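Novice: Have a look at the structure that comes next, please.
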Amino acid sequence: IYGESDLSLLKQLGQRLRRARLRRNLSQQQLAERAGVNRTTISEYERGASTSTMTLVQVLRALEMLEELDEFLPEPGPSPLDLARRQA
């Protein structure tokens, strides 16, 4: 994955969001309305255009996929230093 360009990764993200939208039988317009964004924004996102983190959160919420953020950025556990302090 590190060999992929940033633009390639954005395109892959857009394709995945498109598939998630289609699995829910939503049009771009319906998803845009649920997310509180413009339909053009959804279209651009699905094509791999750069968008804001806020837009990603809005789209994930509209798709009922916010739990995906836990896999994307899991809550870090205690640091090794914290663990050593607790054991001492």
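Novice: Just to be sure, is THR53 under 16 Å from the mean Cα position of the chain (by Cα) and under 24 Å from SER8 (Cβ atoms)?
Specialist: yes
Novice: Would you confirm, using the coordinates I've provided, whether LEU81 is farther than 21 Å from LEU7 by Cα, under 11 Å from the mean Cα position of the chain (by Cα) and open to solvent by 50 Å² or more (accessible area, probe 1.4 Å)?
Specialist: no
Novice: Among the residues of the stretch 40-66, what is the count of those that are among the aliphatic types (A, V, I, L, M) and surrounded by fewer than 18 Cβ atoms within 10 Å (Cβ to Cβ)?
Specialist: Residues meeting the conditions: 6.
Novice: Something else now. So how many residues does the stretch 67-78 have that are under 28 Å from LEU31 (Cβ atoms) and either touching a Pro at 6+ places or on another chain (Cβ under 8 Å) or surrounded by 10 or more Cβ atoms within 10 Å (Cβ to Cβ) (or both)?
Specialist: 2
Novice: Here is a further query. Can you name the helices (runs of 4 or more DSSP H) wholly within the chain that have at least 1 residues being without any contact (Cβ under 8 Å) to a residue 60 or more places away in the chain and among the hydroxyl-bearing types (Ser, Thr, Tyr)?
Specialist: 6-23, 39-47, 53-62
The values are calculated or read from the model by the stated rules, or taken from the named source; none is laboratory data. Since this is a predicted model, take the numbers as computed values, not measurements. No Cβ is skipped: glycine too gets one built from the backbone with ideal geometry, and neighbour counts run over all protein chains shown. The area values use the complete protein model at the heavy-atom level, side chains included, leaving out ligands, DNA and RNA. Shrake-Rupley method; radii C 1.70, N 1.55, O 1.52, S 1.80 Å.
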